[in-house]
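Take a look at the structure set out below.
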Amino acid sequence: MTHATLPDTHADRGGRRGWWRRNQIAVSPWLFLAPGVLFFALYVIFPIFQSFNVSLYRWDGLGEPTFIGMENYDELRYDPAFYTSLRNNVIWLLLYLLAIPGGLFIALFLNQTVTGIRLYKSLFFFPFVISQVVVGLVFTWFYDPTFGLLNTMLAWVGLGPINVLGDPTYVTYGIIAAGLWPQTAYCMILYLTGLNAVNPEQIEAGRLDGARGWRMLWYIVLPQLKPATFIAFVVTIIGALRSFDLISIMTNGGPFGESRVLSFYMFEVALSEYGFRMGYGAAIAVVLFLIMLCFIAYFLWSMYREEKAR
């Protein structure tokens, strides 16, 4: 009498368990990352490629899109409003970087042990937690030529009223000043976190070698703050290039379109009541994305070279 051979289910199960035990350290991180990677691909990577695709069409957002190739990009070359927006973005980029040294010096001050330091930290942290809409409204009132605090202070020294948001010469700088207020607070938080990780032994060694003041800051402290500086640069550059909310609240692109930036101009041509040119707006978005990509790629490459040199 013969007996049928049953499959060795225990051996199979043991083999599967053995494979998981051998590979769980390598596989587990990917399982945790999978949901984030999926959402990032769905809501970031896919829309980027979709924007490239839409920029090749003439489309009002409702009807059938018409393929026109590179005509939208060719039109950008002769659009004065595009060059005004690009110029303002460059100004935003250069002046917005002032938030980084500003945040660093405030963080150095708040890192000391002095009376009332918690109150000071709260006051400097406050701009970061309030909405950009509130910041825009506060600075709009501050700049008001009739009752604003700015012109009141100018009157104390005998200077006439200045309509900051109504003058094409000053409007961009006035909005940037409003944006610097919360951005400096954000950089301050990054540097405060970085200062907590500074090695006290290196500080003591520097003091023994005679390092004081600026030399201590430049040779001992700042090299240890490179990760915080990198994040501050990337976030500040992205914030400068995608600035939209303050412009929308404070001037709505005026006066005469002189406070436009690329992100606001993209909104105007694609989604405002005078726009509905989705393809042209997507072309502006692609240009803005490529500018951001160049800066971020440069900083990532710099960080990679430094890590490799170690």
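Nothing in this text is a laboratory measurement; each read-out follows from the coordinates by a stated rule. From a predicted model like this one, the values you see are computed outputs, not experimental measurements. Neighbour counts are summed over all protein chains in view; Cβ atoms, including those assigned to glycine, are modelled from backbone coordinates with ideal geometry.
So if I place +1 on the C-beta of Lys and Arg and -1 on the C-beta of Asp and Glu, and nothing else carries charge, what would the dipole magnitude of segment 58-309 be about its Cα centre? I want it in debye, nearest 20.
I would put it at about 880 debye.
Report the charge-dipole magnitude of segment 203-298 in Debye, nearest 20, computed about the Cα centre from +1 at each Lys and Arg Cβ and -1 at each Asp and Glu Cβ. Before the final figure, lay out the partial values.
Numbers: 7 positive and 6 negative charges, 71 e Å.
Computed about the Cα centre, the dipole is about 340 debye.
Identify the trypsin sites (Lys or Arg not before Pro) of segment 204-288 meeting these criteria: DSSP loop state and at most 14 other C-beta atoms within 10 Å of the C-beta.
Loop-located and lightly packed - 212.
Could you tell me the distance between the Cα centroids of segment 115-156 and segment 201-236, to the nearest Å?
31
Report the one residue of 227, 24, 182 whose Cα lies farthest in the direction of the positive end of the charge dipole of the chain (charges on C-beta: Lys and Arg +1, Asp and Glu -1; origin at the Cα centre).
About the Cα centre, the residue reaching furthest to the positive side is 24.
Rank these for me by crowding, 92, 30, going from fewest to most other beta carbons within 10 Å.
30, 92
Going by how many other beta carbons lie within 10 Å of each one, how would you line up 249, 238, fewest first?
The fewest-first ordering by Cβ neighbours comes to 238, 249.
Rank the residues 266, 292 as a footprinting-exposure proxy: fewest other Cβ atoms within 10 Å of their Cβ go first.
On the way: 266 24, 292 16.
The most exposed by this proxy come first: 292, 266.
Please compute, over every Cα-Cα pair in segment 235-310, the percentage with a separation greater than 20 angstrom.
Roughly 44 percent, once rounded to a whole number.
Would you work out which of 156, 86, 124 lies farthest towards the positive end of the dipole of the chain? Charges go on Cβ: Lys and Arg +1, Asp and Glu -1.
124
Could you list, bin by bin from short to long, the percent of Cα-Cα pairs of the chain in 10 Å steps?
Taking all Cα pairs of the chain, the binned fractions are 5, 18, 23, 22, 15, 9, 4, 2, 1, 0, 0, 0 percent.
Quick one: net charge of residue 216's neighbours, Cβ under 15 Å, K/R +1, D/E -1?
0
Sequence gap at least 6, Cα distance under 8 Å: using those rules, report the relative contact order of segment 60-217 to the nearest whole percent.
Values: 98 pairs, mean separation 46.1, N = 158.
Answer for segment 60-217 is 29 percent.
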